[in-house]
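In what follows, a structure is listed as C-alpha cells, so that the remarks can point back to it.
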Amino acid sequence: QIDSVEMLMFGTDPRPVLSPVSSLVIGAVEHALAKSDISLVLSQVNDPRKLPAALMAGRIGGLILHGNVPDPRIAQYLKRHPAVWVMSPRNQSGYWGDRVAPNNFRIGQMAAEYFLERGHQSMAFIMSARGDNLGFATRAQGFMQTASAAGARAELVEDSVIDSSELGDVRAERKHIGLLIDRFMALPDRPTGLFVPRGQATVMVYEALRERGVTIGDEEVKVLACDLDPSLASVNPSPDFIDVCPGRVGEVAVKHLLSHLKNRDLDVQSVLSIEPRLTLASDG
C-alpha cells in the first residue's frame, strides 16, 4: 500500500494568485489521491541539486511532476519512480513518463471557431506575456490554421516575452500587455475578435483596450478568454471563455499514476490530451 505521492514543482509556483490553473490541478490531484487513502506531499524545487528529504529517503511511492525538466542527474534519480507530468511542457525535450495536459491545439481551434460562428472574418490571437510554456504557441497554431482554413483573416499579435525574472511582477506584465494592445490597435482593418489565451491576462487586456477608447463587446471588439480564472469575475462585460478543465487533468494524472504503481513493469509512455469546454457568460 502506497501512503504518499510527491508532487514536485520545478521552477513553478503553486500559489493560486500566481497560477490559479496549476492550483486547481493540485487540488484535483489531492482529492483523487484521497479517495485511495493516499496523501499528497507538495514541494517546490528551486535548486535542481536538492530534492525533498522524504523522496531521497525512498519514502515516496510515485511522482506527479510539473514545470521545467530538472538537472540530468536529478532526472536520472527521479526515473526510478513511476511519474506523470501535468500541464504543458516548457521545452521540446528531456521529459519522461506519462503526460496529462489540456489539448492546446484544440483550444486554439475552438477559439477561432467561436469567432467564425459569430460572423467574425477578422480575428487576432494575443500572445500572452509568458514565454515559459509551449502550450500557448500550440494554441496559436490551432487558432491561425483554423481561421485560415475557413478563409478568415487571423493575426498573431506577439512581441518579445516578458523576462523570467519579471514573472509575477504585475506592473511589468501590465506594461507588456499594453505594448501588445498597441500593436493590435495599429493593425490595418483592426480585427473584431480577440482571443486572450491566458485567463490572468484578460483583466489587463480589458484595461488596455479601455484606456485606448475601445468598446469591448459585439459592437467593436469581442474578447474571448481562456481558463476558469477568478480574475474573470471582476471584468465587465463578463467574457465567454474556454475552460481547459484543470480538474480533469489532475484526475486523469492520478488515475495513470496509480495504474503504474500497481503494475511497475508497465513500460508505456502515454500523452493524454484533455478536451476543453466553451463556457458562455450567459450560461452563468
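Couple of notes before you dig in:
- Residue check for C226: in contact with a helix residue (DSSP H, G or I) (Cβ under 8 Å, 6 or more places away or on another chain) and either among the hydrophobic types (A, V, I, L, M, F, W, C) or more than 19 Å from F136 (Cα to Cα) (or both): yes
- If you check Q92, Q121 for being surrounded by fewer than 22 Cβ atoms within 10 Å (Cβ to Cβ) and more than 17 Å from the chain's Cα centre (by Cα), only one passes: Q121.
Results for (1) modelled with pLDDT of 95 or more; (2) open to solvent by 50 Å² or more (accessible area, probe 1.4 Å); (3) of a type in the set (S, T, N, Q), shown as yes or no for each residue.
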position	(1), (2), (3)
M144	yes, yes, no
A152	yes, no, no
I162	no, no, no
K175	no, yes, no
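- Qualifying residue in region 254-272 (condition: within 21 Å of E158 (Cα to Cα) and either touching a strand residue (DSSP E or B) at 6+ places or on another chain (Cβ under 7 Å) or open to solvent by 70 Å² or more (accessible area, probe 1.4 Å) (or both)): no
- Helices (runs of 4 or more DSSP H) within region 1-98 that include 1 or more residues within 26 Å of A140 (Cβ to Cβ): 20-34
- Residues satisfying the stated conditions in region 1-40, i.e. surrounded by fewer than 16 Cβ atoms within 10 Å (Cβ to Cβ) and of a type in the set (A, V, I, L, M): V17, L18, A34
- Hits in region 54-68 (condition: within 24 Å of L258 (Cβ to Cβ) and either open to solvent by 30 Å² or more (accessible area, probe 1.4 Å) or not β-branched (V, I, T) (or both)): A54, L55, M56, A57, G58, R59, G61, G62, L63, L65, H66, G67
To keep it simple, each residue is scored yes or no on (1) of a type in the set (V, I, T); (2) in contact (Cβ under 8 Å) with a residue 60 or more places away in the chain; (3) closer than 21 Å to S270 by Cβ.
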site	(1), (2), (3)
S39	no, no, no
Q44	no, no, no
R59	no, no, no
G67	no, no, yes
P72	no, no, no
V84	yes, yes, yes
M87	no, yes, yes
D98	no, yes, yes
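- Residue check: G213 meets all listed conditions (1) small (G, A, S); (2) under 18 Å from the mean Cα position of the chain (by Cα); (3) surrounded by fewer than 18 Cβ atoms within 10 Å (Cβ to Cβ); (4) at pLDDT 95 or above but one, namely (2).
- Residues that are open to solvent by 10 Å² or more (accessible area, probe 1.4 Å), on the phi > 0 side of the Ramachandran plot and modelled with pLDDT of 95 or more are absent from region 101-109.
- Condition check for L187: surrounded by 19 or more Cβ atoms within 10 Å (Cβ to Cβ) and not aromatic (F, W, Y): no
- Within region 114-127, the residues that satisfy the criterion of being in a helix (DSSP H, G or I) and either at pLDDT below 95 or in contact with a strand residue (DSSP E or B) (Cβ under 9 Å, 6 or more places away or on another chain) (or both) are Y114, F115, L116.
- Number of the condition not met by P197 [criteria: (1) within 24 Å of G67 (Cβ to Cβ); (2) open to solvent by 10 Å² or more (accessible area, probe 1.4 Å); (3) not in a helix (DSSP H, G or I)]: (2)
For (1) farther than 18 Å from V249 by Cα; (2) in contact with a His (Cβ under 9 Å, 6 or more places away or on another chain); (3) modelled with pLDDT under 95, each residue gets a yes or a no:
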{"position": "R15", "(1), (2), (3)": "no, no, yes"}
{"position": "S19", "(1), (2), (3)": "no, no, yes"}
{"position": "E30", "(1), (2), (3)": "no, no, no"}
{"position": "A34", "(1), (2), (3)": "no, no, no"}
{"position": "A54", "(1), (2), (3)": "yes, no, yes"}
{"position": "I60", "(1), (2), (3)": "yes, yes, yes"}
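- Scanning region 217-239 for residues that are outside any helix (DSSP H, G or I) and open to solvent by 20 Å² or more (accessible area, probe 1.4 Å) yields D218, E219, E220, K222, L228, N236, P237, S238.
The values are calculated or read from the model by the stated rules, or taken from the named source; none is laboratory data. The shown structure was predicted, so the numbers you read here are calculated from the model rather than taken from an experiment. Heads up, the Cβs are rebuilt from the backbone with ideal geometry, glycines too, and the neighbour counts pull from every protein chain shown. Calculation scope for accessible area: heavy atoms of the full protein, side chains included, ligands and nucleic acids excluded. Shrake-Rupley method; radii C 1.70, N 1.55, O 1.52, S 1.80 Å.
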